[in-house]
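Heads up: the structure comes next, in structure tokens.
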Amino acid sequence: MSRQIIDCRRLLCPMPVIRVQNAIELLPDGSLVEAICTDPGALNDIPAWSRINGHRVVEARTEDGEYIIVVEVVQDSGP
Amino acid sequence: MSEQRKAAVLISGGLDSLLAARVMLEQGIHVEGINFFTGFCVEGHTHAIRKRDQKKDKRNNALWVAEQLGIKLHIVDIVEEYKQVLINPNHGYGANLNPCLDCKVFMVRKAHEWIQAKGFDFIVTGEVIGQRPMSQRKDTMPVVSGESGAEDLLLRPLCAKNLPETLPERAGWVDRERLYGFSGRSRKPQMALAASLGIEDYAQPAGGCCFLTDESYAIKLKDLWHARGNREYEMDDIMLLKVGRHLRPASHFKVIIAREEGEANFMQGYRKLYPHLKTVSHGGPFALIDGDIDDQDVELIARLVARYSQGRNADEVELSFTDLAGDTRTLKVHPMQGHEIPKEWLI
């Protein structure tokens, strides 16, 4: 399973969400995207964006003042 | 069974776009949201920066609205393209530096491009005639649909009955009879509709979601443009205008002084891009300097920053100054007194 790391340090929301969104758009089902953020708002916004767009947050943790959110890509065929 | 039509709704996070999307869902339309990020959006940034705001609910209202509606939301970064809208608005500015009409035209144009690329049928906004003095008037509504290129693919469900029929209505994709005829500045019709749809929790709308409508922010942005002799800006510029106390003791430099710990932490992220000062002998603020400065300027800035430290009444305050090359030296200065700081310095 591929894992793409996205450096969102010093970016304020919604930029980390946009980075994750744009990365996911290009990835196949089952890929993992790991966002490393310094804005605590990302802990709310990336999971919220993932929920409404059908992707799955598999990990969200705080480590050395950074917020790490791992999202599993779920690509659907749309309506 | 007829084909389910697809609409892209411009979601701001406020009540009007929430209602517009909901009205479309009620009519069986497949709805997805688009939210544009210009760099001047208020809520997320100020919450992230200011420590005293960090305990507040940090929800992003656009995401929250989408989640309540059960629709997808696409957040689109338009920071670079938006510069031309702000710098050269065809229809001018509102009360401050808010190019509301050009902004709306631009966003609908981007939405039009988006629906064409994604195979959606039409665009929906939460606009209401008379709601806003610049962008939501009877005479500016056709400007938005016309100049954006969306034409009759732009449907405003909350005031559609006051406007000519659009393609989604004519084609029977949506039932015009189940749209609304709101107008004016009153929020009561929207609040009544929300109540009738069982919507109780929504962000308080006031047009306050953009820093460009804020007078003090606009003054700082004008000062930046004036000092540089042009209207260009980068993301870092517009972010730093959101934080700190800005003082311009001379035309060739300004000082940004953190007002509290959250701002200081945020500004520390810029310490490699700007010369900066920090008090050493007393508790005090972190300060960035924007401009080309000499030793005499550094002395003055140090005295100014000392004024905002806990040593403001001391004979001497020690500060560390770091230049752009990263070289640090200490200074001992007598803090500036209140009467030595002209009001004109404060931007």
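Could you please rank B:THR330, B:THR213, placing first whichever residue has the fewest other Cβ atoms within 10 Å of its Cβ?
By the 10 Å Cβ count, ascending: B:THR330, B:THR213.
Enter the mean number of other protein chain beta carbons within 10 Å of the beta carbon of each residue in A:50-57, as an integer.
The per-residue average across the peptide is 3.
Sorting B:ILE289, A:ILE6 on the 10 Å Cβ count, fewest up front, what's the list?
Arranged by neighbour count, lowest to highest, B:ILE289, A:ILE6 become A:ILE6, B:ILE289.
Where in the range B:18-37 does the label zone of B:SER2 land, with the point 7 angstrom along Cα→C-beta and an amide N cut-off under 11 Å?
B:28-29
For the range B:6-196, what mean projected area does the convex hull of the alpha carbons give, in nm²?
Average projection, Cα convex hull of the range B:6-196: 11.2 nm².
Using the Cα centre as the reference, give the magnitude of the dipole from point charges on the C-beta atoms of the range B:202-332 (Lys, Arg: +1; Asp, Glu: -1; all else neutral), rounded to the nearest 20 debye.
Dipole of the range B:202-332, to the nearest 20 debye: 280 debye.
Determine Rg/Rh for the range B:145-298; Rg is computed over alpha-carbon atoms and Rh is the Kirkwood hydrodynamic estimate from the same atoms.
Taking Rg over the Kirkwood Rh, I get 1.20.
Decide, for the range B:199-287, between rounded, prolate and oblate: order the square roots of the alpha carbon gyration tensor eigenvalues as a ≥ b ≥ c, take rounded if a/c falls under 1.5, and otherwise choose prolate if a/b is larger than b/c, else oblate.
Since a/c reaches 1.5 but b/c is at least a/b, the shape of the range B:199-287 is classed as oblate.
Would you tell me the mean number of C-beta atoms belonging to other protein chains that fall within 10 Å of each C-beta in B:265-278, as a whole number?
For peptide B:265-278, the averaged partner shielding equals 1.
What is the helix-to-structure angle for A:42-52, meaning the angle in degrees between its Cα long axis and the longest Cα principal axis of chain A, kept from 0 to 90 and rounded to the nearest 10?
The helix A:42-52 is inclined about 10 degrees to chain A.
Rounded if a/c is under 1.5, else prolate if a/b beats b/c, else oblate: with a ≥ b ≥ c from the C-alpha gyration tensor eigenvalues square-rooted, which is chain B?
It is prolate, given that a/c is not under 1.5 and a/b is the larger ratio.
Run through the DSSP bridge list for the range A:3-72 and note the antiparallel percent, rounded to the nearest 5.
Of the beta bridges lying entirely in the range A:3-72, close to 70 percent run antiparallel.
Roughly what % of DSSP beta bridges within the protein assembly as shown run antiparallel, to the nearest 5?
Looking only at bridges with both residues in the protein assembly as shown, the antiparallel portion is about 60 percent.
How long is the gain from B:GLN296 to B:TRP114 if the chain were fully straight, where each residue apart is worth 0.36 nm and the alpha carbon distance is subtracted?
Using 0.36 nm per residue and subtracting the Cα-Cα distance, I get 60.1 nm.
What residue among B:ILE87, B:ILE34, B:ILE129 shows peak mean-square fluctuation when chain B is described by a Gaussian network model with Cα springs under 10 Å?
Largest GNM mean-square fluctuation: B:ILE87.
Could you tell me the distance between the Cα centroids of the range B:196-248 and the range B:280-299, to the nearest Å?
25 Å
Under the definition of partner shielding as Cβ atoms of other protein chains within 10 Å of a residue Cβ, what is the mean value for peptide A:13-20?
Partner Cβ neighbours, averaged per residue: 6.
I'd like the isolated cysteines in the protein assembly as shown, meaning no second cysteine's beta-carbon lies under 4.7 angstrom from theirs.
A:CYS13, B:CYS41, B:CYS100, B:CYS103, B:CYS159, B:CYS209, B:CYS210
For the range B:243-345, take the alpha-carbon Rg, divide it by the Kirkwood Rh, and send me Rg/Rh.
Rg divided by Rh gives 0.92.
Does the range B:79-129 classify as rounded, prolate or oblate by the C-alpha gyration tensor (a ≥ b ≥ c root eigenvalues; a/c under 1.5 gives rounded; else a/b over b/c gives prolate, otherwise oblate)?
oblate
Please arrange B:MET141, B:MET239, B:MET24 by how many other C-beta atoms lie within 10 Å of their C-beta, fewest to most.
B:MET239, B:MET141, B:MET24
For the protein assembly as shown, just the Cα set please: Rg and Dmax, both in angstrom.
According to the Cα coordinates of the protein assembly as shown, Rg and Dmax are 24.2, 84 Å.
Calculate how steeply helix A:15-25 sits against the longest principal axis of the alpha-carbon atoms of chain A, using the helix alpha-carbon long axis, and give the answer as 0 to 90 degrees to the nearest 10.
30 degrees
Do the sum for chain B: with -39,500 (n - 2.57) for every DSSP H run of n ≥ 4, divided by all residues, what is the mean residue ellipticity at 222 nm, to the nearest 500 deg cm²/dmol?
-10000 deg cm²/dmol
No value in this document is a laboratory result; all are computed from the given coordinates. Just so it is clear, the model here is predicted, and its values are computed rather than measured. With ideal geometry, Cβ positions are generated from the backbone for all residues, glycine too; neighbour counts draw on all protein chains shown.
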